[in-house]
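Coordinate-derived values only; no laboratory data. Keep in mind the model is a prediction, meaning the values are calculated, not measured. Here the Cβ is made from the backbone with ideal geometry for all residues, glycine too, and neighbour counts use every protein chain on show.
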């Protein structure tokens, strides 16, 4: 079983990205430790800010920007 999964939200609106990420969190198996969200950074900050500030779930342990790649954020999950 994979302990993390990756999703790409390029091309979505902020609201679509929020819904997609929250759905992935909700459907993630209990053993999934993190979700890596690729949102990009070259075409504005809407998706980045949505993922980092608007996504909500009781399963979220922490939301951490990738310091080596501003177009990616990791969401750590509670079991």
So, in nm, how far is label residue 68 from label residue 15 when the simple model puts each one 7 Å beyond its Cα toward the Cβ?
3.7 nm
If we count other beta carbons within 10 Å of each Cβ, what is the order of 18, 58, fewest first?
58, 18
Compute the long axis of helix 14-27 from its Cα atoms, compare it with the longest principal axis of the Cα atoms of the chain, and write down the angle in degrees, 0 to 90, nearest 10.
10 degrees
Convex hull volume of the Cα atoms in segment 12-79, per residue, in Å³?
72 Å³
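How much length would be gained if the chain were fully extended between residue 5 and residue 43, taking 0.36 nm per residue of separation minus their Cα-Cα distance, in nm to one decimal? Display every interim value, and only then the final one.
Working: separation 38, 0.36 × 38 = 13.68 nm, distance 2.38 nm.
Stretched out fully, the residue 5 to residue 43 stretch lengthens by 11.3 nm.
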Across 28, 19, 68, the residue with the highest GNM fluctuation in the chain (Cα network, 10 Å cutoff) is 68
Can you tell me, using C-alpha contacts under 8 Å and at least 6 residues apart, the relative contact order of the chain as a whole percent?
35 percent
Let me have the 222 nm mean residue ellipticity of the chain computed from DSSP H runs of 4+ only, each contributing -39500 (n - 2.57), with the sum over all residues rounded to the nearest 500.
-6500 deg cm²/dmol
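Nearest 5 percent is fine: what portion of the DSSP beta bridges confined to the chain is antiparallel? Show your work: numbers first, answer last.
On the way: 10 of 15 bridges.
The answer is about 65 percent antiparallel.
Quote to one decimal, in nm, the extra length available between residue 22 and residue 78 on full extension: 0.36 nm per residue of separation minus the C-alpha distance between them. Please report the intermediate quantities before stating the final value.
On the way: separation 56, 0.36 × 56 = 20.16 nm, distance 1.39 nm.
Taking residue 22 through residue 78 to full extension adds about 18.8 nm, to one decimal.
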